[in-house]
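For reference, the structure is listed below as structure tokens.
The values are calculated or read from the model by the stated rules, or taken from the named source; none is laboratory data. None of these values were measured; they are calculated from a predicted model. As a convention, Cβ positions derive from the backbone with ideal geometry for all residues, glycine included, and neighbour counts pool all protein chains shown. Just the protein is used for accessible areas: all its heavy atoms, side chains included, with ligands, DNA and RNA removed. Shrake-Rupley method; radii C 1.70, N 1.55, O 1.52, S 1.80 Å.
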Amino acid sequence: MSLDVSPKLLAEAESGDIREEDFVDTVRTSLPYAYDLIASLATELKGGTAEFTDNQTPPPSEQDRGQLLRALASDAIRGSLERHFGVKLAFQNCHRVAAFRPGARDGETYGRFTSLRSQVLNQSPEFRDC
């Protein structure tokens, strides 16, 4: 799944650096399901006191699942979304993405969420082909 890059942004990239805001806007329009899901997790996190918020609902379509996988598999996309929303993202399976507070990476909860044990416990036969 490719990003829908405007000719203007492509020309800017060909001649040098681009603004991260323009890149994030391209992600927003190209991967709307992924962008909106991460935005909602970030909003929920910032509005509460929990250490993290996560999504456990499968995407409504395979296209939406593909958007989420695309966003989280790319270092550039994932990093830009983390900086844009002020969160640290973690990902366990085809749809369980979590938003943590930026300093959580060294914390016990983040470590538990991203542990080998948690990865194994969050598997099931229906995730084999996702």
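Being under 23 Å from L3 (Cβ atoms), over 11 Å from the mean Cα position of the chain (by Cα) and modelled with pLDDT under 95 is true of R65. Going through the stretch 23-50 one residue at a time, which ones are outside any loop (DSSP other than H, G, I, E, B) and of a type in the set (G, A, S)? If the condition is that a residue be outside any loop (DSSP other than H, G, I, E, B) and of a type in the set (G, A, S), then S30, A34, A39, S40, A42 are the ones that fit.
The number of residues in the stretch 96-127 being in contact (Cβ under 8 Å) with a residue 24 or more places away in the chain and open to solvent by 10 Å² or more (accessible area, probe 1.4 Å) comes to 13. Of the residues making up the stretch 41-60, just one is modelled with pLDDT of 95 or more, open to solvent by 40 Å² or more (accessible area, probe 1.4 Å) and hydroxyl-bearing (S, T, Y), namely T43.
Within the stretch 29-69, the set of residues being basic (K, R) and closer than 14 Å to R96 by Cα comprises just one member, R65. Tallying residues that are open to solvent by less than 40 Å² (accessible area, probe 1.4 Å), farther than 15 Å from G79 by Cα and of a type in the set (S, T, N, Q) within the stretch 23-40 yields 1. Are any residues in the stretch 7-22 assigned to a helix (DSSP H, G or I) and either within 23 Å of the chain's Cα centre (by Cα) or surrounded by 10 or more Cβ atoms within 10 Å (Cβ to Cβ) (or both), and if so, which ones? Result: K8, L9, L10, A11, E12, A13, E20, E21, D22. If you go through the stretch 26-51 and pick out every residue that is among the charged types (D, E, K, R) and closer than 23 Å to S61 by Cβ, you end up with 3. Could you grab me the full set of residues in the stretch 80-93 that are in contact with an Asp or Glu (Cβ under 9 Å, 6 or more places away or on another chain) and either under 16 Å from F52 (Cα atoms) or open to solvent by 10 Å² or more (accessible area, probe 1.4 Å) (or both)? Scanning the stretch 80-93 gives R83, H84, K88, L89, A90, Q92. For the stretch 54-95, the tally of residues that are in contact (Cβ under 8 Å) with a residue 40 or more places away in the chain, under 19 Å from E20 (Cα atoms) and in contact with a Pro (Cβ under 7 Å, 6 or more places away or on another chain) stands at 2.
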